[in-house]
1. Scan 17, 27, 2 and give me the residue that is on the phi > 0 side of the Ramachandran plot and at pLDDT below 85.
2. Mind listing whichever residues of region 9-25 are over 20 Å from residue 55 (Cα atoms) and in contact with a strand residue (DSSP E or B) (Cβ under 7 Å, 6 or more places away or on another chain)?
C-alpha cells in the first residue's frame, strides 16, 4: 500500500491469521476512515495492525471497526450498511475490481477429503 514505515507505531500483540497461523504485525497505524461521499459521509478514527503478506485485499475490517461505524453486515448480499447524518450508506462488494486483482477468486476450488470406514 506504500505506507511510510516511520508512521508505524509498535505492535506488541501477535495476530492469529487465517487457518490459525500466527502473524506478526510490522506495526500499527491510526487513520481516518470514511465511507460514502462528502454529502453523506461517515468518518471514524481507526487504529489498524499492518502486516506484510501476499493477499488480494488491501484491508480487512475487524469487529472493532464494524462496531465503531455501527455497521450491519449482510453476508448473503455482500454488503454493509452504515448509519450516517443524511441517511444510510450502503457499501457493496465490487466484483469487477476483485476479479481484476485476483482472477482466480471466482473459480470453484475442489477439496478431496479421504473417507475412513470408522467415521
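1. Criteria check complete, one pass: 2.
2. Matches in region 9-25: 9, 10, 11.
The values are calculated or read from the model by the stated rules, or taken from the named source; none is laboratory data. Values in this document were obtained by computation on a predicted structure and should not be read as measured data. We place every Cβ from the backbone using ideal geometry, glycine too, and count neighbours over all the protein chains shown.
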